[in-house]
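The values are calculated or read from the model by the stated rules, or taken from the named source; none is laboratory data. Here the structure is a predicted model, which means the values were calculated and not measured. All Cβ positions, even for glycine, are placed from backbone atoms using ideal geometry, and neighbour counts span all protein chains on display.
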Amino acid sequence: MKIASFNDFRVGVVDGTDLYDMTGALPEFLAELPRQRVNWLVANWARVQARFAQYRETGAPLPLANVTLLAANPAPQHVFAAPANYRKHIGELGDRAVTKAGRTAREQGFFLKAPGSLVGAGGALLLPKGSDRRFDHESELAVIVAKEARNVPRERAMEYVFGYSCLIDATMRIEKGVAEEERSMRKSFESFTPLGPWIVTADEVPSPGTLANRLWVNGELKQSANTSEMIVGIGELVELVSSVLTLQPGDVIATGTPEGVGPFAPGDEVRIEIEGVGAMTLPVRECEVRSPRPY
Ligand code: MN
């Protein structure tokens, strides 16, 4: 099933070019907490899955083209991200790399992106107005966590996976000796984490470890790899993060980017496609307001 968040935080099921509005199948109280609908849905999936499976009977179909897709989960408690998780990406940033000596996600662990940086397939990548810094795309498979997870061994990790989305880990690069802001801030500008176009439930992605992961800028293929090239696989990532703290239903784990990372600029269009998950294209624009602090 493809579960999407749209318009004013409504929830629907996507089937072909239609989206079936299933917001009415959720408890009334969520109208007071609309951003929490997807978290609640994930946490209570066992109870509502059967109703959602009948979306054709109970949901109102809308043309997908007529809705605004929001971040696949608009309000996860955490957005974790793996650095250095594809061998050929390690080293390609040269002086702009945070970590030396080719250390991978296995040694580095994870970093955090602010959940407030999420945006959906109907949004845009917004760069700081007037900036001459380098902003990069990173094409990543996102894992959506199914339930609370603490100290989960990798052998059991897939029981804790609800589904998958495409994720662009947009990044303001370091300029060594000039500008070396903290990674969490460089990757957390508003809109710097496109997540979507929906969540595909795990039952529809039998082999998440062998998916094509591709990204284009203005129609030109920039990144093309396969999730089989990940150094730390999904199971080990769940083990790693859950060894530090408790994962929550709806949490997002960005699994890292392959080689081909490069810049984008206002006026560009960035397209990500993960095989068996989906694709989305976002325009790149500048923020309307110039920041009081230069970036
Ligand atoms: Mn990344």
Scanning the stretch 194-250 for residues that are in contact with an Asp or Glu (Cβ under 8 Å, 6 or more places away or on another chain) and in a loop (DSSP other than H, G, I, E, B), the one surrounded by the fewest Cβ atoms within 10 Å (Cβ to Cβ) turns out to be 219
Based on this model, can you work out whether residue 119 counts as crowded, with 22+ Cβ neighbours inside 10 Å, away from the ligand (no atom under 12 Å from the Cβ) and either basic (Lys, Arg) or within 19 Å of the chain's Cα centre (by Cα) (or both)? yes
Among residues of the stretch 31-81 being at pLDDT 95 or above and among the hydroxyl-bearing types (Ser, Thr, Tyr), the residue surrounded by the fewest Cβ atoms within 10 Å (Cβ to Cβ) is 68
inquiry  = Residue under question is residue 255, and the condition is that it be within 16 Å of the ligand (Cβ to nearest atom), hydroxyl-bearing (Ser, Thr, Tyr) and modelled with pLDDT of 95 or more; does it hold?
reply    = yes
Quick one: would you say residue 210 is within 16 Å of the ligand (Cβ to nearest atom), in the same structural domain as residue 84 (by TED's automatic domain parsing) and of a type in the set (Val, Ile, Thr)? no
Residue set 270, 284; condition within 16 Å of the ligand (Cβ to nearest atom), modelled with pLDDT of 95 or more and in contact with a Leu (Cβ under 7 Å, 6 or more places away or on another chain); output residue 270
Taking the stretch 80-116 and keeping residues among the polar types (S, T, N, Q) and either closer than 24 Å to residue 212 by Cα or within 12 Å of the ligand (Cβ to nearest atom) (or both) leaves 85, 104, 108
Among helices (runs of 4 or more DSSP H) entirely within the stretch 1-107, at least 1 residues that are under 20 Å from residue 247 (Cβ atoms) occur in 37-43, 45-53
Flagged in the stretch 137-173 as within 16 Å of the ligand (Cβ to nearest atom) and surrounded by fewer than 20 Cβ atoms within 10 Å (Cβ to Cβ), in numbering order, are 173
Can you say whether residue 183 is within 16 Å of the ligand (Cβ to nearest atom) and either of a type in the set (Val, Ile, Thr) or surrounded by fewer than 24 Cβ atoms within 10 Å (Cβ to Cβ) (or both), as far as the supplied structure shows?
yes
Every listed condition ((1) of a type in the set (A, V, I, L, M); (2) over 18 Å from residue 125 (Cβ atoms); (3) more than 15 Å from the ligand (Cβ to nearest atom)) holds for residue 230 save (3)
